[in-house]
Amino acid sequence: MIKIKNMYKIYTMGDNEVRALDGISLDIEHHEFTAIVGQSGSGKSTLMNMIGCLDTPTSGEYYIDGKEVSKLRDDQQAAIRNEKIGFIFQQYNLLPKLNVLENVELPLIYMGIPYKKRMEMCREALEQVSMTDRMDHKPSELSGGQQQRVAIARALATKPPMILADEPTGALDSKTGKEVLETLKNLHKDGKTIVLITHDNDIAAQAERVVRLADGVIVSDTKSN
Amino acid sequence: MAMKSVKSNKMRTFLTMLGIIIGISSVIMMVSIVQGVTRDVADQVAGAGTNMINVTLTGQGTTRELRMRDMNELVDEHPEIIRGIAPNISGRATVRQGTNNNTVNVVGTNPIFSTAQNVNAQIGRFINDEDVELRRNNAVIGTFNVQDLFGGRNPIGENIRLDGVLFTVVGVLEESAGGRQGSGDDRIIIPYPTAMSLFNSGRIGSYIVEATGPDTVGQAVTLTERFLLRELGSSQAFHIFNMQNILDMFDGIMGQMALMLGGIAAISLLVGGIGIMNIMLVSVTERTREIGIRKAIGAKRSSIMTQFLIESVVVSCMGGVIGIVLGAIGAIGIGNVIEVNAAPEFSIVLFSFGFAAFIGMFFGWYPANKASKLNPIEALRFD
């Protein structure tokens with residue numbers, strides 16, 4: 001599903017060169033549940049931005065489903081984010097002025113889905129996270145766990161093959177964090193490719209594959225069972 | 001989507017709109033009033049007759065007097081261009097009826113005056129050719145005089161005295177100026193030979209030449225000029241002016257004024273537009289994170305661009321509509337005070353609305369473009 005070949009991301013700050021990604025190669029198969037772990041500054045966030053088509057590497061190649069992404073135009077990258085990747089962020093990143101339904105609807109609007117079909121797809125996504133009873137609430141009226149479930153529903157709305165979760169439990173207490181993790185596991189069972197970025201080894205251990213990053217390079221890549 | 005942000009910031013949206021509201025309402029007000037005044041003057045001039053040419057004989061550089069029958073040669077020479085000529089003898093006389101008396105304007109003329117000046121009798125009749133030929137002491141009086149001398153009762157067939165001379169009232173003029181004293185409704189029209197003897201005057205100093213239509217006025221002016229030059233031998237001996245000249249001059253002045261006022265209004269619209277741009281830029285910065293989220297979940301540049309453009313166009317169009325309403329109310333209000341029909345024309349309303357939309361588009365472009373070009377990761381990192 002994902003193929004990264006020899007990717008570098010180098011920031012220059014004054015005279016200093018910061019190698020956020022220092023020659024990374026990584027393949028992620030369809031239906032894999034991968035955790036990318038590392039301390040802050042290890043380059044995992046940069047890698048997540050690359051995987052999410054949010055940033056362009058200094059050099060290297062990146063393919064999604066065999067398509068070279070780094071060479072695509074802005075709008076084509078937007079379409080890939082829209083159709084192939086569902087984002088889940090640590091801070092939920094829901095739009096505060098829109099209600100639950102409208103937040104989930106947003107990616108479908110950008111996809112160009114007509115209203116009736118959109119509503120169906122929203123309902124379906126919200127059912128998956130059991131949030132159908134609060135569709136007209138604003139994010140500020142929901143608990144953190146509920147907000148993250150809405151964010152997951154938004155990520156699922158366009159039925160992307162891959163879910164990219166950046167510290168999805170980071171802002172939650174351990175109980176709701178566990179629930180979110182369960183949800184991700186269930187999605188994996190349903191056939192989604194999951195990429196989970198975290199600094200927490202316990203959480204990473206839940207995944208079937210753990211890729212460990214330090215100083216912009218992969219230091220270990222282990223698969224359980 | 002764009003509407004939501006407009007609604008959620010009501011006060012700010014209103015303040016942003018204020019520039020556009022003031023700009024558009026002043027455009028509407030100024031243009032409507034100028035147009036109203038122009039229309040009013042044009043109507044008055046048309047009421048006075050644009051087909052006519054005023055000729056004043058100064059008597060300088062010539063010893064020749066032009067009598068009515070001399071002037072009629074002009075009509076006989078060019079009947080297809082000149083319909084007729086009316087003498088215009090004016091003076092003031094004391095009018096007396098019973099115990100009422102007053103000073104009035106007296107005009108001595110012939111029946112052509114009626115069509116040339118568009119002055120008709122509402123009851124009775126205007127003076128006719130027979131009155132002129134037989135030098136009858138008949139008079140047509142204005143509505144003010146009917147009130148003043150007869151207390152409003154029907155004056156037809158009644159007698160009045162002008163400087164002691166007995167006249168019979170044969171008609172009342174149509175009211176043209178609200179029946180006010182000193183206006184066109186306060187005058188007495190008598191046959192010109194009678195006026196000449198009333199004022200002890202041997203010559204006619206002024207004529208009104210009536211052209212056959214608006215298209216022939218220009219030719220009529222040329223012919224009259226040529227005729228007078230031939231007869232009098234000096235260009236010093238007469239003046240000619242035509243209502244159309246005055247109207248053209250007035251149109252020119254009003255056009256310049258409209259341009260100047262429009263320029264001032266345009267500047268205020270420009271300021272309003274900059275206000276919109278300013279607020280939109282603030283809004284883009286404030287909503288950097290929102291833009292980042294939207295981009296991350298698949299918004300294309302064009303989607304972001306459209307969202308912000310719609311927002312600024314909606315704000316300026318709303319300002320435009322409010323401005324149009326306020327401007328129309330203002331124009332009609334001021335119009336009432338200065339007694340001019342200043343209701344805005346539909347074309348101006350349409351133009352103003354279009355212009356407001358254009359301003360929203362023009363000044364919204366830069367902020368919208370800026371928003372659409374934001375880098376999603378930097379936007380997401382923004383707090």
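The values are calculated or read from the model by the stated rules, or taken from the named source; none is laboratory data. Keep in mind it's a predicted model, so treat the numbers as computed, not measured. Positions of Cβ are backbone-derived with ideal geometry, glycine not excepted, and every protein chain shown enters the neighbour counts.
Here are some notes:
- Among the residues of the range A:52-64, the ones that are hydrophobic (A, V, I, L, M, F, W, C) and either more than 19 Å from residue A:29 (Cβ to Cβ) or within 12 Å of chain B (Cβ to nearest Cβ) (or both) come to 2 in all.
- Which listed residue is of a type in the set (Gly, Ala, Ser), surrounded by fewer than 17 Cβ atoms within 10 Å (Cβ to Cβ), under 23 Å from residue B:117 (Cα atoms) and at pLDDT below 90, from B:202, B:263, B:178: B:178
- Residue match in the range B:122-145 (condition: on the phi > 0 side of the Ramachandran plot and modelled with pLDDT under 90): no
- Residues of the range B:74-90 classified as within 18 Å of residue B:190 (Cβ to Cβ) and more than 30 Å from the chain's Cα centre (by Cα), total: 0
- Subset of the range A:65-81 (residues that are touching a residue at least 24 places away in the same chain (Cβ under 8 Å) and within 14 Å of chain B (Cβ to nearest Cβ)): A:77, A:78, A:80, A:81
- Any hit, the range B:335-354, residues being out of contact with any Cys (no Cβ under 9 Å at 6 or more places or on another chain), among the aliphatic types (A, V, I, L, M), within 14 Å of chain A (Cβ to nearest Cβ) and crowded, with 16+ Cβ neighbours inside 10 Å: no
- Residue in the range B:116-123 that is under 35 Å from the mean Cα position of the chain (by Cα), more than 28 Å from residue B:79 (Cα to Cα) and not basic (Lys, Arg) present: yes
- Any hit, the range B:303-326, residues being within 27 Å of residue A:81 (Cα to Cα), part of a helix (DSSP H, G or I) and among the hydroxyl-bearing types (Ser, Thr, Tyr): yes
- Residues in the range B:356-383 that are surrounded by fewer than 20 Cβ atoms within 10 Å (Cβ to Cβ) and either away from chain A (no Cβ under 14 Å) or not in a helix (DSSP H, G or I) (or both): B:357, B:358, B:361, B:362, B:365, B:366, B:370, B:373, B:375, B:382, B:383.
- Members of the range A:101-139 that are within 13 Å of another protein chain (Cβ to nearest Cβ), part of a helix (DSSP H, G or I) and either under 19 Å from the mean Cα position of the chain (by Cα) or among the small types (Gly, Ala, Ser) (or both): A:103, A:104, A:105, A:106, A:107, A:108, A:110, A:111, A:125
- Residue selected from the range A:186-225 under the condition among the charged types (D, E, K, R) and part of a strand (DSSP E or B), by the criterion surrounded by the fewest Cβ atoms within 10 Å (Cβ to Cβ): A:223
- Selection within the range B:222-242: residues that are in contact with a strand residue (DSSP E or B) (Cβ under 7 Å, 6 or more places away or on another chain) and surrounded by fewer than 19 Cβ atoms within 10 Å (Cβ to Cβ). The member of this set that is nearest to residue B:59 (Cα to Cα) is B:239.
- Test: residue in the range B:306-318 that is free of Cβ contacts under 8 Å to residues at least 24 places away in the same chain and of a type in the set (Phe, Trp, Tyr): no
- Counted residues, the range B:288-316 - those being within 10 Å of chain A (Cβ to nearest Cβ) and over 18 Å from residue A:112 (Cα atoms): 3
- Unique residue being of a type in the set (Asp, Glu) and either crowded, with 21+ Cβ neighbours inside 10 Å or within 19 Å of residue B:39 (Cα to Cα) (or both) when the list is B:185, B:215: B:185
- Some residue of the range A:176-185 being modelled with pLDDT under 90, assigned to a helix (DSSP H, G or I) and over 18 Å from the mean Cα position of the chain (by Cα): yes
- Residue A:84, sole failed condition from (1) more than 29 Å from residue A:201 (Cα to Cα); (2) among the basic types (Lys, Arg); (3) within 10 Å of chain B (Cβ to nearest Cβ); (4) in contact (Cβ under 8 Å) with a residue 12 or more places away in the chain: (1)
- In the range B:271-287, the residue that is farthest from the other protein chains (Cβ to nearest Cβ) out of those that are of a type outside the set (Gly, Ala, Ser) and surrounded by 17 or more Cβ atoms within 10 Å (Cβ to Cβ) is B:277.
- Subset of the range B:98-115 [closer than 17 Å to residue B:180 by Cα and within 30 Å of the chain's Cα centre (by Cα)]: B:104, B:105, B:106
- Checking residue B:195 against (1) over 11 Å from residue B:89 (Cα atoms); (2) buried (at least 16 other Cβ atoms within 10 Å of the Cβ); (3) among the hydrophobic types (A, V, I, L, M, F, W, C), the condition it does not meet: (1)
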